[in-house]
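The values are calculated or read from the model by the stated rules, or taken from the named source; none is laboratory data. Quantities reported herein were computed from a predicted structural model and do not represent experimental measurements. No Cβ is skipped: glycine too gets one built from the backbone with ideal geometry, and neighbour counts run over all protein chains shown. Note: areas computed on protein heavy atoms with side chains; ligands, DNA, RNA excluded. Shrake-Rupley method; radii C 1.70, N 1.55, O 1.52, S 1.80 Å.
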Amino acid sequence: MDCNWTNRLTGSWNNRNRLFWCEKLSSVILIFLTALSPLNSTADHATQVIANKTVSIGILAFRGVEQAQNTWQPTIDYLSANIDQVQFKMLPLDLTQMEQAVKSRSVDFILTNPGNYVDLEYRFGASRIATIQNTHDTDPRSAIRSALIVRADRTELQEINDLAGNSLMAVSPEAFGGYQVIWREMRRHGLEPERDLSEIQFAGFPQDNIIKAVLSGEVDAGVIRNCLLEKMAGTGEIELTSIRVLHADTYEQPDCLASSMAYPDWPFAKLTHSSDHLAKLIAQTLLALPEGHPATVAGHYASWTIPVDYQTVHDLFRELRIGPYEWMNHTTIRDIWEKYWQWALLIFLGMIWWLWHVYRVELLVRVRTAQLSESNDRLKHEMRVRQQTEEKLRLQQDELAHVDRVSIAGELASGLAHELNQPLSAISSYAQGCAWRLDAGKMTLEEFRDINQRISNQAERAGAIIERLRTFLRKDDTACTDINLNSAVQEATALFASEAKKYRVIVTLELAAKLPPVCTENIQIQQVIINLLRNGADAMSNTPEAQRVLEVRTYTEQGYVCIAVKDSGEGISDEHKARLFDPFFTTKSEGMGLGLSLSQSIIASNHGRIQVESKHGQGTTFTIEMPIYRGAAEHDD
Ligand code: ADP
């Protein structure tokens with residue numbers, strides 16, 4: 001029933017209260033309807049269907065036939081008295097008999113404990129039509145609890161799992177409140193009774209015996225329904241202080257101490273073959289049973305209420321694998337296969353698909369890897385070919401440069417030879433003629449002086465030829481401009497950059513912040529610097545790559561602007577140092593030996609000087625020193 005309106009009225013109520021009152025309200029409405037007369041009219045109708053029939057009600061007699069009759073006969077009589085023309089007969093049954101009776105349909109209705117009901121519901125389709133309301137204030141869904149008791153002086157037994165290795169007494173393995181409820185709690189604490197306890201005794205009813213056994217020390221612990229302790233203490237049979245309830249502070253304790261969660265109270269249930277009309281009548285009649293009626297007093301309950309949910313009992317059975325879920329203990333592979341073969345097939349197909357997918361991905365990865373390594377190889381090959389081509393090109397360029405140098409030298413030599421040939425042959429023939437005439441004794445002093453003059457003239461002519469060539473090679477030193485040597489150094493090193501890379505040398509610059517100008521020709525001074533850089537790089541060809549550094553520094557010193565080029569090469573021996581600036585002095589197989597001699601004449605023509613400092617094996621520093629330029633007039637001086 002929809003109880004939202006109560007919710008609106010009493011917004012502060014908690015869920016449990018709301019449900020409780022909702023059920024109560026449903027009961028009141030049913031009672032009201034029953035009182036108005038539909039009960040009688042329905043009864044009339046039902047009586048037509050089941051007139052003069054004796055209806056059997058199987059009742060679980062867990063404390064013996066006599067006790068069951070004392071407890072329930074008044075309720076049965078109440079039904080017989082209030083439902084016309086139907087006679088109700090009570091059949092007190094134990095658990096085995098109950099199962100037999102339900103199976104053989106020798107009972108029409110049952111009144112039993114929640115555990116037994118859930119079992120019969122699962123196996124034979126029993127369905128609850130009403131639930132006992134134990135005391136007026138409690139929720140019928142939370143009626144049954146159990147207490148796990150020990151003697152108060154057994155201080156070592158504080159928690160449920162402290163019971164490991166101790167003995168336990170309970171009602172019977174099938175007793176719901178008398179064993180199974182506590183069994184579940186024990187398992188939740190990691191304690192398996194049959195495995196971990198030293199002994200389990202099943203003493204049956206009454207449960208008073210279990211309390212006595214615990215008190216006497218016959219067993220270490222006992223399982224009883226809750227409130228029994230309090231009841232016995234009330235009658236003075238025991239003292240509450242002599243017994244302790246384990247785990248009592250975990251669950252909400254509405255009335256008496258308990259060690260377990262709560263389960264619903266006993267249900268009144270119909271079986272599949274029993275009349276729905278009669279079931280409805282019984283439900284209405286039970287719900288209408290007033291509190292304080294002799295039937296309720298004898299049955300130790302307050303009233304009846306609409307049937308509650310027994311899911312918690314199902315959960316317990318499933319967890320313990322007992323009752324309707326006992327099959328879970330001995331399920332064979334065949335059972336599982338029959339039950340879940342569709343799922344197994346689906347999983348199998350899924351796995352096949354997955355394996356195929358993995359295989360496909362693996363295959364793709366392999367193909368792609370092969371393609372990648374193939375293109376990698378191709379790339380490496382192309383790089384090798386490229387490097388070889390570059391190397392070849394470099395060699396060809398070197399070769400070309402060498403040929404160039406050789407041909408220039410050749411041309412120079414042949415030009416010189418050609419120019420000098422004439423005066424030299426003239427000198428030679430004058431000298432020969434002079435010798436003959438002296439031998440023949442025909443030479444006068446005058447003639448000798450004349451020949452001597454002619455030889456001298458030819459020698460001067462040869463000198464003039466060489467001077468002409470030098471003048472041709474040398475630039476005019478007056479055409480100087482004032483330049484900053486820092487810029488000349490920067491431009492020269494920039495021009496040398498590609499060669500530096502080839503030589504694998506690093507060029508570092510340390511340029512003075514302010515450098516006075518010098519008078520020279522930019523191209524010429526750059527030529528000198530490049531020549532020094534190249535010589536330095538050549539000298540470091542055997543130096544480890546990490547140390548191949550050419551340091552270029554500019555600074556001012558005593559009226560001169562200086563450029564120092566320092567390498568860490570092999571250095572120069574004293575013997576070579578003496579000949580360093582001689583034309584055509586070289587120690588290189590492809591060198592011309594003109595670089596330093598030309599550099600010296602360029603620097604000298606600009607009124608500067610070039611110096612070298614070196615020790616064999618310790619690197620070399622060449623220093624160019626150029627006079628500071630103080631204006632055109634001074635320079636001309
Ligand atoms: P080349 O180009 O033939 O080397 P150079 O006149 O420039 O002609 O140099 C003459 C010789 O001086 C070189 O062959 C080399 O032996 C020596 N030389 C020049 N610079 C250095 C240097 N920095 N370290 C060692 N030796 C050098």
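For the reader, a short list of remarks on this structure follows.
- Segment 197-209: number of residues that are open to solvent by less than 40 Å² (accessible area, probe 1.4 Å) and either at pLDDT below 95 or out of contact with any Gly (no Cβ under 9 Å at 6 or more places or on another chain) (or both): 3
- Here Thr272, Thr285, Thr241 are screened, and the one residue that is β-branched (Val, Ile, Thr) and over 30 Å from Tyr122 (Cα atoms) is Thr241.
- Pairs meeting the criteria (first residue in segment 578-607 and at negative phi, second residue of a type in the set (Phe, Trp, Tyr) and surrounded by 14 or more Cβ atoms within 10 Å (Cβ to Cβ), beta carbons under 6 Å, at least 6 apart or on different chains) are Arg579/Phe585; Leu596/Phe581; Ser597/Phe581; Gln600/Phe581.
- Segment 565-576 residues that are modelled with pLDDT of 95 or more, paired with ones that are open to solvent by 30 Å² or more (accessible area, probe 1.4 Å) and within 9 Å of the ligand (Cβ to nearest atom) (beta carbon under 6 Å, 6 or more apart): Lys566/Thr621
- Selection of segment 513-526 for residues being of a type outside the set (Lys, Arg) and either open to solvent by 40 Å² or more (accessible area, probe 1.4 Å) or touching a helix residue (DSSP H, G or I) at 6+ places or on another chain (Cβ under 7 Å) (or both) yields Ala513, Leu515, Pro517, Val518, Cys519, Glu521, Asn522, Ile523, Gln524, Ile525, Gln526.
- Neighbours by Cβ (under 6 Å, 6+ apart or cross-chain): first from segment 87-104, closer than 16 Å to Lys270 by Cα; second of a type in the set (Phe, Trp, Tyr) and open to solvent by 50 Å² or more (accessible area, probe 1.4 Å): Val102/Phe124
- Checking each residue of segment 139-148 against the condition of being open to solvent by 10 Å² or more (accessible area, probe 1.4 Å), part of a strand (DSSP E or B) and touching a Lys or Arg at 6+ places or on another chain (Cβ under 9 Å) gives no match.
- Restricted to segment 504-549, and to residues there that are hydroxyl-bearing (Ser, Thr, Tyr) and touching a strand residue (DSSP E or B) at 6+ places or on another chain (Cβ under 9 Å), the residue that is nearest to Asn484 (Cα to Cα) is Thr520.
- For segment 158-169, the criterion of a residue being farther than 28 Å from Thr285 by Cβ, acidic (Asp, Glu) and assigned to a helix (DSSP H, G or I) is satisfied by at least one position.
- The residue list Ser573, Ser605, Ser589, Ser597 contains one member that is in contact with an Asp or Glu (Cβ under 7 Å, 6 or more places away or on another chain) and within 11 Å of the ligand (Cβ to nearest atom), which is Ser597.
- Here Val552 fulfils each of the conditions (1) open to solvent by less than 20 Å² (accessible area, probe 1.4 Å); (2) away from the ligand (no atom under 11 Å from the Cβ); (3) within 21 Å of Ser601 (Cα to Cα) apart from (3).
- Here Asp108, Asp84, Asp94 are screened, and the one residue that is of a type in the set (Asp, Glu), touching a Ser or Thr at 6+ places or on another chain (Cβ under 7 Å) and surrounded by fewer than 22 Cβ atoms within 10 Å (Cβ to Cβ) is Asp84.
- Taking segment 317-363 as the range and being outside any helix (DSSP H, G or I) and touching a residue at least 12 places away in the same chain (Cβ under 8 Å) as the test, only Ile322 passes.
- Scanning segment 288-316 for residues that are assigned to a helix (DSSP H, G or I) and open to solvent by less than 10 Å² (accessible area, probe 1.4 Å) returns Ala295, Thr296, Val313, Leu316.
- Residue in segment 68-80 that is surrounded by fewer than 20 Cβ atoms within 10 Å (Cβ to Cβ), not in a helix (DSSP H, G or I) and not aromatic (Phe, Trp, Tyr) present: no
- Condition met for Ile530 (within 16 Å of the ligand (Cβ to nearest atom), open to solvent by less than 40 Å² (accessible area, probe 1.4 Å) and part of a helix (DSSP H, G or I)): yes
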